[in-house]
Amino acid sequence: MTDMARDLDWIVGNAVIRDPTGLHARPAVKLTRLAKTFEAAIEIRAEGGGDWVNAKSPNAVMKLKAGAGLPLHIRAAGDDARSAVDALMALVQRDFHD
Amino acid sequence: MTDTVSIVIVSHSPDVAKGAADMVRQMVGEEVRVAWCGGNPDGGLGTDVAAIMAAIEKVYTPKGVAVLVDLGGAETNSEIAIEMLSDGRGAHVQILNAPVVEGAVMAATEAAGGASLEAVRATAEDF
Amino acid sequence: MSEELMRALIAKCNATIAAHADELTALDRPIGDGDHGQNMARGFSALAAAADEIAPLPFGQALQKAGTALVMKIGGASGPLYGSLLMAMGKAVEARPAGTKAAAAMLGAGIEAVKARGKSDAGAKTMLDVLVPVQEALAAGATIAQVRDVADAALAATKDMRATKGRAAFVGERSIGHLDPGARSATLLIHAICDVLEAK
(Lines give C-alpha, C1' and ligand atoms only; values in the text may rest on other atoms or scores of the structure.)
Protein backbone atom coordinates (compact mmCIF):
# COMPACT_ATOMS: atom_id res chain seq x y z
CA MET A 1 0.00 0.00 0.00
CA THR A 2 1.11 3.57 -0.48
CA ASP A 3 2.63 5.80 2.20
CA MET A 4 -0.54 7.83 2.19
CA ALA A 5 -2.55 4.77 3.16
CA ARG A 6 -0.56 4.38 6.39
CA ASP A 7 -1.54 7.87 7.51
CA LEU A 8 -5.25 7.45 6.88
CA ASP A 9 -7.71 6.97 9.70
CA TRP A 10 -9.03 3.55 8.81
CA ILE A 11 -12.33 2.16 10.05
CA VAL A 12 -11.88 -1.60 10.15
CA GLY A 13 -14.11 -4.66 10.19
CA ASN A 14 -14.21 -8.25 9.07
CA ALA A 15 -16.68 -10.95 8.14
CA VAL A 16 -16.29 -14.68 7.50
CA ILE A 17 -16.80 -15.87 3.92
CA ARG A 18 -19.18 -18.83 4.10
CA ASP A 19 -19.54 -19.76 0.44
CA PRO A 20 -17.55 -23.02 0.02
CA THR A 21 -15.80 -21.71 -3.10
CA GLY A 22 -14.65 -18.54 -1.35
CA LEU A 23 -14.79 -15.07 -2.88
CA HIS A 24 -15.42 -16.32 -6.42
CA ALA A 25 -16.35 -14.34 -9.50
CA ARG A 26 -19.96 -13.39 -8.89
CA PRO A 27 -19.48 -12.30 -5.25
CA ALA A 28 -16.36 -10.40 -6.32
CA VAL A 29 -18.42 -8.43 -8.82
CA LYS A 30 -21.08 -7.71 -6.19
CA LEU A 31 -18.52 -6.56 -3.66
CA THR A 32 -16.86 -4.26 -6.19
CA ARG A 33 -20.16 -2.76 -7.24
CA LEU A 34 -21.22 -2.12 -3.65
CA ALA A 35 -17.82 -0.60 -2.78
CA LYS A 36 -18.13 1.80 -5.70
CA THR A 37 -21.31 3.28 -4.23
CA PHE A 38 -19.24 4.88 -1.40
CA GLU A 39 -16.99 7.90 -1.54
CA ALA A 40 -14.57 6.46 1.01
CA ALA A 41 -11.35 4.69 0.07
CA ILE A 42 -12.07 1.01 0.73
CA GLU A 43 -9.61 -1.84 0.88
CA ILE A 44 -9.91 -5.54 1.59
CA ARG A 45 -7.43 -8.25 2.52
CA ALA A 46 -7.66 -12.03 2.68
CA GLU A 47 -6.89 -13.78 5.98
CA GLY A 48 -3.34 -15.07 6.24
CA GLY A 49 -1.23 -12.69 4.25
CA GLY A 50 -1.37 -10.68 1.09
CA ASP A 51 -1.64 -6.94 0.71
CA TRP A 52 -4.64 -4.73 1.13
CA VAL A 53 -6.24 -4.21 -2.26
CA ASN A 54 -8.64 -1.61 -3.62
CA ALA A 55 -12.17 -2.97 -3.14
CA LYS A 56 -13.40 -0.83 -6.03
CA SER A 57 -11.07 -2.53 -8.51
CA PRO A 58 -12.74 -5.52 -10.16
CA ASN A 59 -9.35 -6.94 -11.11
CA ALA A 60 -7.87 -6.70 -7.63
CA VAL A 61 -10.92 -8.21 -5.93
CA MET A 62 -11.20 -11.01 -8.49
CA LYS A 63 -7.53 -11.92 -7.99
CA LEU A 64 -7.68 -11.85 -4.20
CA LYS A 65 -8.89 -15.46 -4.03
CA ALA A 66 -10.08 -15.05 -0.45
CA GLY A 67 -10.85 -18.54 0.89
CA ALA A 68 -13.99 -20.02 2.42
CA GLY A 69 -14.38 -20.18 6.21
CA LEU A 70 -11.90 -17.37 6.75
CA PRO A 71 -12.50 -13.74 7.62
CA LEU A 72 -12.31 -11.11 4.91
CA HIS A 73 -10.76 -7.96 6.35
CA ILE A 74 -12.29 -4.65 5.33
CA ARG A 75 -11.08 -1.12 5.99
CA ALA A 76 -12.30 2.23 4.80
CA ALA A 77 -11.28 5.86 5.19
CA GLY A 78 -13.37 8.93 4.35
CA ASP A 79 -16.66 10.55 5.23
CA ASP A 80 -18.84 7.50 4.70
CA ALA A 81 -16.23 4.97 5.84
CA ARG A 82 -18.36 3.63 8.71
CA SER A 83 -21.36 2.91 6.45
CA ALA A 84 -19.04 1.41 3.83
CA VAL A 85 -17.47 -1.07 6.25
CA ASP A 86 -20.89 -1.97 7.68
CA ALA A 87 -22.40 -2.47 4.22
CA LEU A 88 -19.56 -4.65 3.01
CA MET A 89 -19.55 -6.73 6.20
CA ALA A 90 -23.30 -7.20 5.84
CA LEU A 91 -22.88 -8.31 2.21
CA VAL A 92 -20.36 -10.98 3.20
CA GLN A 93 -22.47 -12.08 6.20
CA ARG A 94 -25.58 -12.59 4.09
CA ASP A 95 -23.55 -14.77 1.74
CA PHE A 96 -23.61 -12.14 -1.00
CA HIS A 97 -27.36 -12.41 -1.52
CA ASP A 98 -29.12 -9.29 -2.75
CA MET B 1 -29.76 7.29 -13.64
CA THR B 2 -26.00 7.56 -14.15
CA ASP B 3 -24.87 7.25 -17.74
CA THR B 4 -22.58 4.26 -18.09
CA VAL B 5 -20.35 2.91 -20.82
CA SER B 6 -22.20 0.24 -22.83
CA ILE B 7 -20.87 -3.19 -23.78
CA VAL B 8 -21.14 -4.91 -27.18
CA ILE B 9 -20.17 -8.56 -27.58
CA VAL B 10 -19.22 -9.84 -31.05
CA SER B 11 -18.58 -13.54 -31.55
CA HIS B 12 -18.51 -15.90 -34.52
CA SER B 13 -21.20 -17.85 -32.67
CA PRO B 14 -24.55 -16.28 -31.70
CA ASP B 15 -24.74 -18.75 -28.80
CA VAL B 16 -21.40 -17.61 -27.39
CA ALA B 17 -22.31 -13.93 -27.80
CA LYS B 18 -25.73 -14.34 -26.18
CA GLY B 19 -24.28 -16.48 -23.38
CA ALA B 20 -21.63 -13.90 -22.58
CA ALA B 21 -24.25 -11.13 -22.59
CA ASP B 22 -26.48 -13.17 -20.26
CA MET B 23 -23.54 -13.69 -17.92
CA VAL B 24 -22.89 -9.96 -17.78
CA ARG B 25 -26.55 -9.20 -17.03
CA GLN B 26 -26.73 -11.82 -14.30
CA MET B 27 -23.42 -10.94 -12.66
CA VAL B 28 -23.41 -7.20 -13.01
CA GLY B 29 -27.10 -6.37 -13.39
CA GLU B 30 -29.21 -4.27 -15.71
CA GLU B 31 -27.50 -0.94 -15.07
CA VAL B 32 -24.95 -1.44 -17.84
CA ARG B 33 -26.50 -1.88 -21.27
CA VAL B 34 -25.26 -4.91 -23.19
CA ALA B 35 -25.86 -5.81 -26.83
CA TRP B 36 -24.55 -8.83 -28.70
CA CYS B 37 -24.34 -10.27 -32.18
CA GLY B 38 -22.91 -13.40 -33.74
CA GLY B 39 -23.07 -15.38 -36.94
CA ASN B 40 -22.62 -14.45 -40.60
CA PRO B 41 -25.43 -13.04 -42.80
CA ASP B 42 -26.56 -16.63 -43.61
CA GLY B 43 -26.73 -17.62 -39.95
CA GLY B 44 -23.56 -19.75 -39.98
CA LEU B 45 -20.43 -19.15 -37.91
CA GLY B 46 -18.98 -15.75 -38.67
CA THR B 47 -19.62 -12.07 -38.15
CA ASP B 48 -21.77 -9.55 -39.96
CA VAL B 49 -20.89 -5.87 -40.25
CA ALA B 50 -24.53 -4.77 -40.46
CA ALA B 51 -25.37 -6.75 -37.31
CA ILE B 52 -22.36 -5.31 -35.46
CA MET B 53 -23.41 -1.77 -36.43
CA ALA B 54 -26.97 -2.49 -35.26
CA ALA B 55 -25.72 -3.86 -31.92
CA ILE B 56 -23.56 -0.78 -31.33
CA GLU B 57 -26.39 1.57 -32.31
CA LYS B 58 -28.79 -0.24 -29.96
CA VAL B 59 -26.74 0.63 -26.86
CA TYR B 60 -24.85 3.68 -28.15
CA THR B 61 -24.09 6.49 -25.74
CA PRO B 62 -21.56 9.32 -26.11
CA LYS B 63 -20.22 8.12 -22.75
CA GLY B 64 -18.69 5.26 -24.74
CA VAL B 65 -19.18 1.75 -26.06
CA ALA B 66 -16.70 -1.06 -25.31
CA VAL B 67 -16.66 -3.82 -27.93
CA LEU B 68 -15.41 -7.32 -27.09
CA VAL B 69 -14.53 -9.57 -30.04
CA ASP B 70 -13.36 -13.16 -30.46
CA LEU B 71 -11.25 -14.24 -33.45
CA GLY B 72 -9.92 -12.73 -36.68
CA GLY B 73 -12.86 -11.54 -38.74
CA ALA B 74 -14.77 -10.46 -35.65
CA GLU B 75 -12.11 -7.82 -35.03
CA THR B 76 -11.73 -6.56 -38.62
CA ASN B 77 -15.50 -6.56 -39.16
CA SER B 78 -15.94 -4.64 -35.90
CA GLU B 79 -13.28 -2.11 -36.95
CA ILE B 80 -15.06 -1.48 -40.22
CA ALA B 81 -18.48 -1.34 -38.51
CA ILE B 82 -17.14 1.36 -36.15
CA GLU B 83 -15.74 3.37 -39.08
CA MET B 84 -19.08 3.16 -40.89
CA LEU B 85 -21.12 4.55 -37.97
CA SER B 86 -22.66 7.89 -38.86
CA ASP B 87 -22.32 11.31 -37.17
CA GLY B 88 -18.84 10.65 -35.78
CA ARG B 89 -20.16 8.17 -33.24
CA GLY B 90 -17.26 5.86 -34.02
CA ALA B 91 -15.01 8.15 -31.97
CA HIS B 92 -16.78 6.97 -28.82
CA VAL B 93 -16.53 3.26 -29.61
CA GLN B 94 -13.45 1.13 -28.87
CA ILE B 95 -12.53 -2.52 -29.37
CA LEU B 96 -10.96 -3.88 -26.18
CA ASN B 97 -7.99 -6.23 -26.30
CA ALA B 98 -9.43 -8.76 -23.86
CA PRO B 99 -11.06 -12.19 -23.99
CA VAL B 100 -14.79 -12.03 -24.77
CA VAL B 101 -16.35 -13.50 -21.65
CA GLU B 102 -13.92 -12.36 -18.98
CA GLY B 103 -13.40 -9.02 -20.69
CA ALA B 104 -17.14 -8.36 -20.91
CA VAL B 105 -17.72 -9.10 -17.22
CA MET B 106 -14.75 -7.03 -16.07
CA ALA B 107 -15.62 -4.17 -18.41
CA ALA B 108 -19.24 -4.12 -17.25
CA THR B 109 -18.22 -4.28 -13.58
CA GLU B 110 -15.97 -1.27 -14.07
CA ALA B 111 -18.59 0.52 -16.19
CA ALA B 112 -21.23 0.17 -13.47
CA GLY B 113 -21.15 3.33 -11.42
CA GLY B 114 -20.13 5.50 -14.33
CA ALA B 115 -16.42 4.87 -15.09
CA SER B 116 -15.00 6.37 -18.29
CA LEU B 117 -14.35 4.28 -21.41
CA GLU B 118 -10.62 4.58 -20.73
CA ALA B 119 -11.05 3.17 -17.21
CA VAL B 120 -13.28 0.37 -18.52
CA ARG B 121 -10.70 -0.45 -21.14
CA ALA B 122 -7.84 -0.55 -18.63
CA THR B 123 -9.75 -2.85 -16.28
CA ALA B 124 -10.70 -5.33 -19.01
CA GLU B 125 -7.27 -5.31 -20.63
CA ASP B 126 -5.27 -5.65 -17.40
CA PHE B 127 -7.27 -8.59 -16.13
CA MET C 1 -19.51 4.55 -70.78
CA SER C 2 -18.86 3.85 -67.14
CA GLU C 3 -22.27 2.33 -66.40
CA GLU C 4 -21.96 -0.36 -69.04
CA LEU C 5 -18.43 -1.22 -67.95
CA MET C 6 -19.44 -1.41 -64.31
CA ARG C 7 -22.33 -3.74 -65.11
CA ALA C 8 -20.04 -5.99 -67.11
CA LEU C 9 -17.41 -6.03 -64.33
CA ILE C 10 -19.93 -6.89 -61.64
CA ALA C 11 -21.53 -9.65 -63.73
CA LYS C 12 -18.21 -11.19 -64.71
CA CYS C 13 -16.73 -11.07 -61.19
CA ASN C 14 -19.88 -12.62 -59.74
CA ALA C 15 -19.96 -15.39 -62.36
CA THR C 16 -16.26 -16.14 -61.85
CA ILE C 17 -16.51 -16.34 -58.06
CA ALA C 18 -19.68 -18.46 -58.27
CA ALA C 19 -17.96 -20.88 -60.66
CA HIS C 20 -14.94 -21.21 -58.35
CA ALA C 21 -16.65 -21.12 -54.95
CA ASP C 22 -16.05 -24.80 -54.26
CA GLU C 23 -12.41 -24.51 -55.29
CA LEU C 24 -11.87 -21.52 -52.96
CA THR C 25 -13.47 -23.37 -50.08
CA ALA C 26 -11.36 -26.45 -50.78
CA LEU C 27 -8.21 -24.28 -50.69
CA ASP C 28 -9.36 -22.65 -47.45
CA ARG C 29 -10.18 -25.90 -45.66
CA PRO C 30 -6.66 -27.11 -44.82
CA ILE C 31 -5.32 -23.70 -43.70
CA GLY C 32 -8.35 -21.53 -42.92
CA ASP C 33 -11.95 -21.72 -41.77
CA GLY C 34 -13.14 -23.50 -44.93
CA ASP C 35 -15.64 -20.76 -45.68
CA HIS C 36 -13.87 -18.53 -48.22
CA GLY C 37 -15.85 -19.83 -51.23
CA GLN C 38 -19.30 -19.49 -49.68
CA ASN C 39 -18.42 -16.11 -48.18
CA MET C 40 -17.15 -14.69 -51.46
CA ALA C 41 -20.09 -16.16 -53.42
CA ARG C 42 -22.56 -14.62 -50.97
CA GLY C 43 -20.83 -11.22 -51.18
CA PHE C 44 -20.58 -11.13 -54.97
CA SER C 45 -24.15 -12.33 -55.52
CA ALA C 46 -25.30 -9.51 -53.22
CA LEU C 47 -23.16 -7.15 -55.29
CA ALA C 48 -24.74 -8.44 -58.51
CA ALA C 49 -28.21 -8.00 -57.02
CA ALA C 50 -27.36 -4.33 -56.34
CA ALA C 51 -25.93 -3.72 -59.83
CA ASP C 52 -28.87 -1.52 -60.88
CA GLU C 53 -28.17 0.88 -58.03
CA ILE C 54 -24.39 0.79 -58.31
CA ALA C 55 -23.63 0.85 -62.03
CA PRO C 56 -25.24 4.24 -62.91
CA LEU C 57 -23.19 6.06 -60.25
CA PRO C 58 -20.01 7.94 -61.18
CA PHE C 59 -17.13 5.41 -61.32
CA GLY C 60 -15.52 6.28 -57.97
CA GLN C 61 -18.82 6.26 -56.09
CA ALA C 62 -19.81 2.99 -57.75
CA LEU C 63 -16.61 1.35 -56.51
CA GLN C 64 -17.23 2.64 -52.98
CA LYS C 65 -20.77 1.35 -52.98
CA ALA C 66 -19.61 -2.00 -54.34
CA GLY C 67 -17.08 -2.15 -51.48
CA THR C 68 -19.82 -1.46 -48.95
CA ALA C 69 -21.96 -4.25 -50.45
CA LEU C 70 -19.05 -6.70 -50.10
CA VAL C 71 -18.30 -5.63 -46.52
CA MET C 72 -21.91 -6.12 -45.56
CA LYS C 73 -22.32 -9.54 -47.12
CA ILE C 74 -19.04 -11.45 -47.36
CA GLY C 75 -18.57 -11.81 -43.62
CA GLY C 76 -15.49 -13.76 -42.58
CA ALA C 77 -12.11 -12.08 -42.61
CA SER C 78 -12.11 -11.35 -46.34
CA GLY C 79 -15.21 -9.10 -46.33
CA PRO C 80 -13.46 -6.16 -44.68
CA LEU C 81 -10.38 -6.71 -46.85
CA TYR C 82 -12.09 -6.77 -50.25
CA GLY C 83 -14.50 -4.10 -49.02
CA SER C 84 -11.67 -1.81 -47.90
CA LEU C 85 -9.87 -2.42 -51.19
CA LEU C 86 -12.81 -1.24 -53.30
CA MET C 87 -13.86 1.58 -50.97
CA ALA C 88 -10.34 3.04 -50.96
CA MET C 89 -9.99 2.63 -54.74
CA GLY C 90 -13.32 4.39 -55.17
CA LYS C 91 -12.27 7.25 -52.91
CA ALA C 92 -9.07 7.70 -54.94
CA VAL C 93 -10.86 8.42 -58.24
CA GLU C 94 -13.89 10.27 -59.54
CA ALA C 95 -14.12 8.88 -63.05
CA ARG C 96 -12.73 5.73 -64.61
CA PRO C 97 -8.92 6.04 -64.61
CA ALA C 98 -7.52 6.92 -67.99
CA GLY C 99 -4.64 4.59 -68.74
CA THR C 100 -2.52 2.02 -66.95
CA LYS C 101 -0.62 4.45 -64.71
CA ALA C 102 -3.83 5.95 -63.37
CA ALA C 103 -5.23 2.48 -62.77
CA ALA C 104 -2.04 1.61 -60.88
CA ALA C 105 -2.45 4.67 -58.63
CA MET C 106 -6.06 3.71 -57.91
CA LEU C 107 -5.12 0.11 -57.07
CA GLY C 108 -2.24 1.41 -54.94
CA ALA C 109 -4.69 3.35 -52.79
CA GLY C 110 -6.77 0.21 -52.36
CA ILE C 111 -3.73 -1.85 -51.41
CA GLU C 112 -2.75 0.62 -48.69
CA ALA C 113 -6.22 0.23 -47.18
CA VAL C 114 -5.94 -3.58 -47.26
CA LYS C 115 -2.54 -3.39 -45.54
CA ALA C 116 -3.95 -1.12 -42.84
CA ARG C 117 -7.09 -3.20 -42.34
CA GLY C 118 -5.25 -6.53 -42.22
CA LYS C 119 -2.23 -5.05 -40.38
CA SER C 120 -0.24 -6.93 -42.99
CA ASP C 121 2.00 -6.56 -46.01
CA ALA C 122 3.22 -8.61 -48.97
CA GLY C 123 5.09 -11.78 -47.99
CA ALA C 124 2.59 -13.03 -45.40
CA LYS C 125 0.76 -15.39 -47.81
CA THR C 126 -2.33 -13.27 -48.40
CA MET C 127 -4.17 -11.58 -51.26
CA LEU C 128 -1.53 -8.81 -51.00
CA ASP C 129 1.00 -11.20 -52.52
CA VAL C 130 -0.99 -11.01 -55.76
CA LEU C 131 -2.29 -7.44 -55.55
CA VAL C 132 1.11 -5.83 -54.89
CA PRO C 133 2.99 -7.34 -57.90
CA VAL C 134 -0.01 -6.63 -60.14
CA GLN C 135 -0.01 -3.02 -59.01
CA GLU C 136 3.73 -2.77 -59.65
CA ALA C 137 3.28 -4.24 -63.13
CA LEU C 138 0.53 -1.72 -63.91
CA ALA C 139 2.71 1.12 -62.67
CA ALA C 140 5.39 -0.08 -65.09
CA GLY C 141 2.86 0.02 -67.93
CA ALA C 142 2.02 -3.69 -68.31
CA THR C 143 -0.40 -4.92 -70.96
CA ILE C 144 -3.51 -6.93 -70.07
CA ALA C 145 -1.77 -10.18 -71.04
CA GLN C 146 1.22 -9.29 -68.86
CA VAL C 147 -1.04 -8.49 -65.90
CA ARG C 148 -2.59 -11.97 -66.16
CA ASP C 149 0.85 -13.60 -66.19
CA VAL C 150 2.08 -11.54 -63.25
CA ALA C 151 -0.99 -12.50 -61.23
CA ASP C 152 -0.62 -16.20 -62.06
CA ALA C 153 3.07 -16.23 -61.14
CA ALA C 154 2.39 -14.33 -57.92
CA LEU C 155 -0.36 -16.76 -56.97
CA ALA C 156 1.92 -19.77 -57.61
CA ALA C 157 4.57 -18.18 -55.39
CA THR C 158 2.20 -18.14 -52.40
CA LYS C 159 2.39 -21.94 -52.32
CA ASP C 160 5.84 -21.98 -50.73
CA MET C 161 5.16 -19.10 -48.36
CA ARG C 162 4.47 -19.52 -44.69
CA ALA C 163 1.35 -17.75 -43.45
CA THR C 164 1.90 -15.20 -40.69
CA LYS C 165 -1.48 -13.45 -40.90
CA GLY C 166 -5.08 -14.51 -40.63
CA ARG C 167 -6.44 -17.88 -39.67
CA ALA C 168 -3.74 -19.66 -41.71
CA ALA C 169 -1.07 -18.31 -39.34
CA PHE C 170 -2.33 -20.70 -36.66
CA VAL C 171 -1.17 -23.67 -38.73
CA GLY C 172 2.24 -22.03 -39.32
CA GLU C 173 4.61 -24.42 -41.13
CA ARG C 174 1.68 -26.53 -42.30
CA SER C 175 0.50 -23.61 -44.46
CA ILE C 176 3.55 -24.19 -46.69
CA GLY C 177 2.63 -26.18 -49.80
CA HIS C 178 -0.90 -24.77 -50.07
CA LEU C 179 -2.02 -21.98 -52.38
CA ASP C 180 -3.48 -19.11 -50.38
CA PRO C 181 -7.26 -18.92 -50.91
CA GLY C 182 -7.30 -15.10 -50.69
CA ALA C 183 -4.50 -14.89 -53.26
CA ARG C 184 -6.48 -17.29 -55.45
CA SER C 185 -9.68 -15.25 -55.25
CA ALA C 186 -7.71 -12.07 -56.01
CA THR C 187 -6.20 -13.77 -59.07
CA LEU C 188 -9.64 -14.93 -60.23
CA LEU C 189 -10.98 -11.39 -59.95
CA ILE C 190 -7.99 -9.94 -61.80
CA HIS C 191 -8.58 -12.42 -64.62
CA ALA C 192 -12.28 -11.51 -64.68
CA ILE C 193 -11.46 -7.79 -64.90
CA CYS C 194 -8.85 -8.41 -67.63
CA ASP C 195 -11.42 -10.41 -69.65
CA VAL C 196 -13.97 -7.60 -69.45
CA LEU C 197 -11.44 -4.89 -70.37
CA GLU C 198 -10.15 -6.96 -73.29
CA ALA C 199 -13.67 -7.49 -74.67
CA LYS C 200 -14.23 -3.73 -74.80
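The values are calculated or read from the model by the stated rules, or taken from the named source; none is laboratory data. Predicted model only: the values in this text are computed from it and were never measured. Quick reminder, even Gly has a Cβ in these numbers, built from the backbone with ideal geometry, and neighbours come from all protein chains shown. What goes into the accessible areas is simple: the full protein's heavy atoms, side chains included, and nothing from ligands, DNA or RNA. Shrake-Rupley method; radii C 1.70, N 1.55, O 1.52, S 1.80 Å.
Data for the structure
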{"quantity": "Residue match in the range C:23-36 (condition: farther than 30 Å from C:D160 by Cβ, open to solvent by 10 Å² or more (accessible area, probe 1.4 Å) and in a helix (DSSP H, G or I))", "calculated": "no"}
{"quantity": "Residues satisfying the stated conditions in the range C:88-129, i.e. among the hydrophobic types (A, V, I, L, M, F, W, C), open to solvent by 30 Å² or more (accessible area, probe 1.4 Å) and free of Cβ contacts under 8 Å to residues at least 60 places away in the same chain", "calculated": "C:A92, C:A98, C:A102, C:A105, C:A109, C:A116, C:A122"}
{"quantity": "Members of the range A:29-64 that are in a loop (DSSP other than H, G, I, E, B) and within 11 Å of another protein chain (Cβ to nearest Cβ)", "calculated": "A:K36, A:T37, A:F38, A:K56, A:S57"}
{"quantity": "Selection from the range B:102-127 of residues that are open to solvent by 10 Å² or more (accessible area, probe 1.4 Å), of a type in the set (G, A, S), touching a residue at least 60 places away in the same chain (Cβ under 8 Å) and more than 9 Å from chain A (Cβ to nearest Cβ)", "calculated": "B:S116"}
{"quantity": "Looking only at the range C:92-106, and only at residues there that are over 15 Å from C:I193 (Cα atoms) and not in a helix (DSSP H, G or I), the one that is modelled with the lowest pLDDT", "calculated": "C:A98"}
{"quantity": "The range B:4-32, residues that are assigned to a loop (DSSP other than H, G, I, E, B), out of contact with any Gly (no Cβ under 7 Å at 6 or more places or on another chain) and touching a residue at least 60 places away in the same chain (Cβ under 8 Å)", "calculated": "B:G29, B:E31, B:V32"}
{"quantity": "Search result, residues across the range A:79-90 that are open to solvent by 10 Å² or more (accessible area, probe 1.4 Å) and of a type in the set (A, V, I, L, M, F, W, C)", "calculated": "A:A87, A:M89, A:A90"}
{"quantity": "Options A:A66, A:A76; residue that is modelled with pLDDT under 90, buried (at least 21 other Cβ atoms within 10 Å of the Cβ) and either touching a Cys at 6+ places or on another chain (Cβ under 7 Å) or among the hydrophobic types (A, V, I, L, M, F, W, C) (or both)", "calculated": "A:A66"}
{"quantity": "Residue selected from the range C:72-81 under the condition open to solvent by less than 10 Å² (accessible area, probe 1.4 Å) and part of a helix (DSSP H, G or I), by the criterion nearest to the other protein chains (Cβ to nearest Cβ)", "calculated": "C:P80"}
{"quantity": "Checklist (1) within 14 Å of chain B (Cβ to nearest Cβ); (2) over 20 Å from B:E31 (Cα atoms) applied to A:M89, failing item", "calculated": "(1)"}
{"quantity": "Failed item in (1) within 23 Å of C:T100 (Cβ to Cβ); (2) open to solvent by 30 Å² or more (accessible area, probe 1.4 Å); (3) in contact (Cβ under 8 Å) with a residue 12 or more places away in the chain, with C:T143 passing the rest", "calculated": "(3)"}
{"quantity": "Odd one out for C:D180 among (1) charged (D, E, K, R); (2) open to solvent by less than 30 Å² (accessible area, probe 1.4 Å); (3) out of contact with any Lys or Arg (no Cβ under 8 Å at 6 or more places or on another chain)", "calculated": "(3)"}
{"quantity": "Residue in the range A:19-45 that is farthest from A:A68 (Cα to Cα), counting only those that are modelled with pLDDT of 90 or more and of a type in the set (K, R)", "calculated": "A:K36"}
{"quantity": "Test: residue in the range B:51-71 that is in contact with a strand residue (DSSP E or B) (Cβ under 8 Å, 6 or more places away or on another chain), within 9 Å of chain C (Cβ to nearest Cβ) and of a type outside the set (F, W, Y)", "calculated": "no"}
{"quantity": "Test: residue in the range A:83-98 that is in a loop (DSSP other than H, G, I, E, B), touching a residue at least 60 places away in the same chain (Cβ under 8 Å) and under 13 Å from the mean Cα position of the chain (by Cα)", "calculated": "yes"}
{"quantity": "Some residue of the range A:7-21 being more than 14 Å from chain B (Cβ to nearest Cβ), free of Cβ contacts under 8 Å to residues at least 40 places away in the same chain and over 21 Å from B:M27 (Cα atoms)", "calculated": "yes"}
{"quantity": "Those residues of the range B:54-87 which are open to solvent by 30 Å² or more (accessible area, probe 1.4 Å), at pLDDT 95 or above and not basic (K, R), in sequence order", "calculated": "B:A54, B:E57, B:Y60, B:P62"}
{"quantity": "Subset of the range C:15-28 [of a type outside the set (A, V, I, L, M) and either away from every other protein chain (no Cβ under 14 Å) or under 30 Å from C:E3 (Cβ atoms) (or both)]", "calculated": "C:T16, C:H20, C:D22, C:E23"}
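Residues checked against (1) at pLDDT below 90; (2) under 18 Å from the mean Cα position of the chain (by Cα); (3) on the phi < 0 side of the Ramachandran plot:
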position: C:R148; (1), (2), (3): no, yes, yes
position: C:D152; (1), (2), (3): no, yes, yes
position: C:T158; (1), (2), (3): no, yes, yes
position: C:K165; (1), (2), (3): yes, yes, yes
position: C:A169; (1), (2), (3): yes, no, yes
position: C:S175; (1), (2), (3): yes, no, yes
position: C:L188; (1), (2), (3): no, yes, yes
